[in-house]
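Everything on this sheet refers to the single structure shown next.
The values are calculated or read from the model by the stated rules, or taken from the named source; none is laboratory data. Computed from a predicted structure; not experimentally measured. Quick reminder, even Gly has a Cβ in these numbers, built from the backbone with ideal geometry, and neighbours come from all protein chains shown. Just so you know, the surface numbers come from the protein's heavy atoms only, side chains and all, with ligands and any DNA or RNA stripped out. Shrake-Rupley method; radii C 1.70, N 1.55, O 1.52, S 1.80 Å.
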Amino acid sequence: MTGKKKAVKKLPASVKIKAVRGMSDILPEEMKFWRHLENLAHYLFRLYGYKEIRQPLLEETGLFARSIGDDTEIVKKEMYIIKEKEGENLSLRPEATASLVRAFLEHSLYRESGIKRYYYLGPMFRRERPQAGRKRQFHQVGVEAIGSGHPALDAEVISLAGRFLIEAGIKNFEIQLNHLGCQDCRKKYIKVLKDYFKTFQRALCPDCQRRFDTNPLRILDCKKEACQALIKSAPKVSNSLCLRCREHFIQVQKFLESLEIDFRLNARLVRGLDYYTGVVFELIHPELGAQNALAAGGRYDNLIEKFGGPSLPATGFSFGLERVIMALKKEEVPVAELAETEIFLIVLGEANFGEGFKILQTLRGEKLKGEMDFENKSLKACLRQANKIGVKFVLILGDEERQKQSIMVKDMAGGEQKLVRIEKLTEFLKKLLKKS
Ligand code: HAM
């Protein structure tokens with residue numbers, strides 16, 4: 001960008017402005033699902049000693065290029081990049097692990113002793129082709145545990161992901177595991193892969209022909225049909241693992257078995273981000289079609305050092321909340337309704353409005369959920385409105401009630417009504433609500 005200000009293009013008034021493609025509004029009727037999962041994340045992750053952290057939505061583009069990898073689909077094709085006047089390149093975060101590592105180093109959080117456990121929730125942005133379960137703005141909850149290479153930490157994180165789904169109410173999911181090897185196994189595997197793909201190099205798509213030289217591992221997550229056929233018969237990473245990595249993988253499985261966690265080994269699970277080393281995993285829901293990964297994660301033992309920090313092994317995962325909500329709906333998991341308005345106050349006659357307005361404020365002060373209309377509508381119209389909202393009780397304040405310093409309380413379910421003195425109203429309603 002130059003120093004000159006660019007004029008903002010004006011849209012003709014006839015053009016309807018809609019939400020950006022792949023970015024959805026979350027309407028009030030959907031909110032119970034979000035609250036269900038967000039509340040669970042706050043409760044469950046804290047139970048395991050994870051502390052909440054929030055990072056900015058915008059970061060320097062270089063952060064993602066260096067961690068997720070220059071040659072990944074995410075960095076190459078899917079980032080929303082904003083050019084700053086000063087020439088800086090910023091990106092909307094496509095995920096949160098990279099920015100967590102950035103924050104971890106920037107605030108020297110590695111100085112704290114022991115394993116450092118964090119969790120986060122919020123929106124992520126990827127310019128993918130939208131479809132069911134794939135959005136351009138989507139929401140993750142995730143955890144990252146830094147500072148231990150012990151296989152028990154892998155097992156803790158994987159079992160926590162499983163427990164999140166179980167506590168959310170989801171029954172039908174599968175945990176899949178693979179081991180991508182350490183840096184040494186990786187070198188060996190890359191050589192084996194190159195030897196294999198060399199014979200078929202010309203049959204690969206143009207992107208993979210380039211990846212053959214720059215990052216052969218990324219060929220494994222190419223979705224093009226021509227490459228898929230070759231990938232199916234490609235050598236598996238499990239055959240290139242060193243003894244230490246093999247032993248680590250066995251230990252992780254033993255710890256999971258000791259916790260009675262079911263899992264399945266999937267040698268084709270490679271993950272589309274470059275920072276992974278060691279054990280990686282996905283939680284799959286079999287009824288979600290092409291976008292069936294509810295969560296994904298794994299070890300990234302070299303990432304912190306790569307950013308100039310101490311050598312600290314780490315692992316973590318993120319859930320895609322839109323997909324978890326799809327699974328909740330597929331399985332028809334009952335989710336508690338959010339506490340809605342309990343009381344609707346109807347004031348009859350302008351002269352009584354001020355008194356009614358004050359009464360409602362008092363009730364709200366007593367933590368009773370109430371609302372009223374300000375338009376001086378007829379009793380019939382107000383009752384219709386109260387019915388639509390689904391309140392339990394209607395309060396009616398007209399001239400007669402006011403003269404008696406009382407208010408009419410109508411039970412919307414049973415239809416009974418009772419005149420209650422205003423000073424007794426809070427106590428009376430609280431008792432009724434408790435009973436209902
Ligand atoms: P990821 O596999 O890129 O990993 O994303 C994790 C989860 O986010 C996916 O399994 C999926 O549920 C959800 N997700 C990803 N892209 C979309 C999308 N376009 N629309 C809807 N949901 C989506 C990561 O993001 C890593 N940071 C996970 C991690 C944490 N690894 C270690 N720590």
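For the range 311-324, name all the residues that are open to solvent by less than 30 Å² (accessible area, probe 1.4 Å) and either of a type in the set (Gly, Ala, Ser) or away from the ligand (no atom under 15 Å from the Cβ) (or both).
Ala314, Gly316, Ser318, Gly320
Just checking, how many residues over the range 325-356 are under 28 Å from Lys369 (Cβ atoms), within 16 Å of the ligand (Cβ to nearest atom) and buried (at least 16 other Cβ atoms within 10 Å of the Cβ)? Write out each step before concluding.
Of all residues in the range 325-356, those under 28 Å from Lys369 (Cβ atoms) come to 325, 328-329, 332-356.
This time we only want the ones that are within 16 Å of the ligand (Cβ to nearest atom), so: 325, 328-329.
Subsequent filtering for residues that are buried (at least 16 other Cβ atoms within 10 Å of the Cβ) retains 325, 328.
Qualifying residue count for the region: 2.
Look through the range 279-299, keep the residues that are of a type outside the set (A, V, I, L, M) and open to solvent by less than 10 Å² (accessible area, probe 1.4 Å), and return whichever of them is nearest to the ligand (Cβ to nearest atom).
If we take residues in the range 279-299 being of a type outside the set (A, V, I, L, M) and open to solvent by less than 10 Å² (accessible area, probe 1.4 Å), then Gly297 is nearest to the ligand (Cβ to nearest atom).
Within the range 35-77, work out how many residues are modelled with pLDDT of 95 or more, within 14 Å of the ligand (Cβ to nearest atom), more than 21 Å from Gly308 (Cβ to Cβ) and open to solvent by 20 Å² or more (accessible area, probe 1.4 Å).
Here the count works out to 0.
Only one residue in Ala145, Ala168 is more than 12 Å from the ligand (Cβ to nearest atom), surrounded by 19 or more Cβ atoms within 10 Å (Cβ to Cβ) and either small (Gly, Ala, Ser) or free of Cβ contacts under 8 Å to residues at least 60 places away in the same chain (or both), so which one is that?
Working: Ala145 fails: more than 12 Å from the ligand (Cβ to nearest atom).
Answer to the selection: Ala168.
Quick check on my filter: what residues within the range 300-310 are within 8 Å of the ligand (Cβ to nearest atom) and either over 16 Å from Ala103 (Cβ atoms) or open to solvent by 40 Å² or more (accessible area, probe 1.4 Å) (or both)? Even if it seems obvious, please write down each step before you answer.
Taking the range 300-310 as the starting set, the residues that turn out to be within 8 Å of the ligand (Cβ to nearest atom) are 300.
Matches in the range 300-310: none.
Just to be sure I understand, how many residues within the range 148-158 are away from the ligand (no atom under 14 Å from the Cβ) and either touching a Pro at 6+ places or on another chain (Cβ under 6 Å) or open to solvent by 10 Å² or more (accessible area, probe 1.4 Å) (or both)? Break it down stepwise before answering.
Quick first cut of the range 148-158, residues away from the ligand (no atom under 14 Å from the Cβ) only: 148-152, 155.
Next cut, either touching a Pro at 6+ places or on another chain (Cβ under 6 Å) or open to solvent by 10 Å² or more (accessible area, probe 1.4 Å) (or both) only: 148-152.
Of the residues in that region, 5 qualify.
Just one of Arg211, Arg136, Arg163 is touching a residue at least 24 places away in the same chain (Cβ under 8 Å) and within 13 Å of the ligand (Cβ to nearest atom); which is it?
Working: Arg211 fails: within 13 Å of the ligand (Cβ to nearest atom); Arg163 fails: within 13 Å of the ligand (Cβ to nearest atom).
Checking each option against the conditions leaves just Arg136.
Cβ-Cβ under 7 Å, sequence separation 6+ or interchain: first residue in the range 393-406 and free of Cβ contacts under 8 Å to residues at least 60 places away in the same chain and acidic (Asp, Glu), partner open to solvent by less than 10 Å² (accessible area, probe 1.4 Å) and part of a strand (DSSP E or B). Which pairs?
If the second residue must be open to solvent by less than 10 Å² (accessible area, probe 1.4 Å) and part of a strand (DSSP E or B), the pairs left are Glu401/Ile407.
Output the residues belonging to the range 113-130 that are of a type outside the set (D, E, K, R) and either more than 9 Å from the ligand (Cβ to nearest atom) or in contact with a strand residue (DSSP E or B) (Cβ under 7 Å, 6 or more places away or on another chain) (or both).
Of the range 113-130, the ones of a type outside the set (D, E, K, R) are 113-115, 118-125, 130.
Ser113, Gly114, Ile115, Tyr118, Tyr119, Tyr120, Leu121, Gly122, Pro123, Met124, Phe125, listed by residue number.
Out of all the residues in the range 368-396, which are within 40 Å of the chain's Cα centre (by Cα), within 22 Å of Leu419 (Cβ to Cβ) and small (Gly, Ala, Ser)?
Gly370, Ala386
Do we find a residue being under 19 Å from Leu273 (Cβ atoms) and surrounded by 20 or more Cβ atoms within 10 Å (Cβ to Cβ) anywhere in the range 194-206? Write out each step before concluding.
Residues of the range 194-206 under 19 Å from Leu273 (Cβ atoms): none.
Checked against the condition, which is being under 19 Å from Leu273 (Cβ atoms) and surrounded by 20 or more Cβ atoms within 10 Å (Cβ to Cβ), the range 194-206 yields no hits at all.
May I ask you to say which residue of Leu259, Leu265, Leu243 is surrounded by fewer than 19 Cβ atoms within 10 Å (Cβ to Cβ) and more than 26 Å from the chain's Cα centre (by Cα)?
Details: Leu259 fails: more than 26 Å from the chain's Cα centre (by Cα); Leu265 fails: more than 26 Å from the chain's Cα centre (by Cα).
Checking each option against the conditions leaves just Leu243.
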